[in-house]
1. Please arrange 139, 74, 42 by counting, for each residue, the other beta carbons lying within 10 Å of its beta carbon, fewest first.
2. Compute the FRET efficiency between residue 58 and residue 135 as 1/(1 + (r/R0)^6), taking r as their Cβ-Cβ distance and R0 = 30 Å, and round to the nearest 0.05.
3. Quick check: residue separation of residue 47 and residue 180 times 0.36 nm, minus the Cα distance between them. What number comes out in nm?
4. Between residue 166 and residue 35, what is the label-to-label distance in nm when each label sits 7 Å out along the Cα-to-Cβ direction?
């Protein structure tokens, strides 16, 4: 891809984010985003979307991953705050697009329609948010305790996020209750395998419960 195409792609993704709350994580959002750029009076054609972002759900996946990356960047505004405050701030990032998140998770986890569901995107999602929250709060790397705490924070965040999908108004309080019992979560998820299993089951469960696989 040429530098000009790369620059155009980046601009379209940036302008597509505000459209997600009305269009979802769709090819239409990407196509319409170009209207915010000078010299464009028509949405991108389907062929152009394919050329810039990939065919089918590949384009949607690009938009979803960009949104997730921007969510991590948004967390940076809470540097120096408590873990609780940082994770709540990340939950707030979800709020404008909550109706579209289950399907977005399904797209990430089922690159080929139908089973099996791939839990690895869920693991990456939870782990990166936990790692960023710990870093921003000023926690230091203290050997095995460092990994155990991040595994627990990842599990807690994902549980709060899944709760948010069904009960947005109580997600903050639910997060508070889980963080209050952080030691209990650490004991329950005492190794990476248990963490992976918890994340995988939670992610797959929410997708299947919504009939998206």
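1. Taking fewest neighbouring Cβ atoms as first place, the list is 42, 74, 139.
2. On the way: r = 31 Å, r/R0 = 1.03.
The computed FRET efficiency comes out at 0.45.
3. Values: separation 133, 0.36 × 133 = 47.88 nm, distance 5.10 nm.
Fully extending the segment from residue 47 to residue 180 adds 42.8 nm.
4. Here the answer is 3.7 nm between the modelled labels.
Here, each number is a calculation from the coordinates, and none is a lab measurement. Keep in mind the model is a prediction, meaning the values are calculated, not measured. Here the Cβ is made from the backbone with ideal geometry for all residues, glycine too, and neighbour counts use every protein chain on show.
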